[in-house]
Amino acid sequence: MTRESMADSPSFKDELRALLWPDHSGLAAVAGRTAEALRRDPRYRAASAVYAEPHPCLRQIRINTLIDGKNLLMPTAGLKEGFVLFRPHRIPFPRLGFAVSLKGQFEYGEKVAVKGLAGLGVGLLVAAGGLVTPSGLWLGDGKGFFDLSCAILAEARALAGESFVMAAAAACLLADFPASPWDVRLDALLTPDGVQ
């Protein structure tokens, strides 16, 4: 078996994922530091709307987004019900953690139809991931919801003119694997030490 065919096989990618999931190589333990590192990034500060996956390791990022006065867009589980939009300063502070979870999203957020996404101006998209190639490919959970979300947001004209894509990880782990045509490339990796 050649290196290319091995890297393209589902079992190879599954083995790589086994190293990272469910805790993304320790990201849960440093999620607070990672969220604070994002706050220092100029692209985060410039974004008026942020897309963040509902993974628990990104919870503090979602909370900070609202505290910092930005709109937060979160996909529903498996994208079955589309997206939920949270507007800043409308959720009682003690309820923020629950509100930005899969259990609280419908109580505190508003479901947005695809046609309602136009003009939202999402300037930053944050995914949970771990293995990253030097060319910006990353290995997520293998379900493809982030790639699909990005395609929907682009088609709905919900992205800002200069949107930025990053994945949060406990550390930068470089690995080679081939790209699929639909793969979204990262602009940067977010770690507890900052944006790389």
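Where a number appears in this text, it was derived from the coordinates with a stated rule and is not lab data. All values reported here derive from a predicted model rather than from experimental measurement.
Can you compute 3J(HN,Hα) from phi for each residue in segment 131-138, using the Karplus curve 6.51 cos²θ - 1.76 cosθ + 1.60 with θ = phi - 60°, rounded to whole Hz and x for Gly and Pro?
Here the 3J(HN,Hα) series is 7, 10, 8, x, 8, x, 6, 9 Hz.
Could you list which residues have their amide H under 5 Å from that of THR76, counting only those 5 or more apart in sequence or on another chain, with H placed in the peptide plane?
Close amide H contacts, sequence-distant or interchain: GLU81, GLY82, PHE83, VAL84.
Please list, in order along segment 68-82, the HN-Hα scalar couplings obtained from phi with the Karplus expression 6.51 cos²θ - 1.76 cosθ + 1.60 (θ = phi - 60°), rounded to whole Hz, x for Gly and Pro.
Per residue, the Karplus-derived 3J(HN,Hα) values read 7, x, 10, 6, 10, 10, 10, x, 7, 4, x, 6, 5, 10, x Hz.
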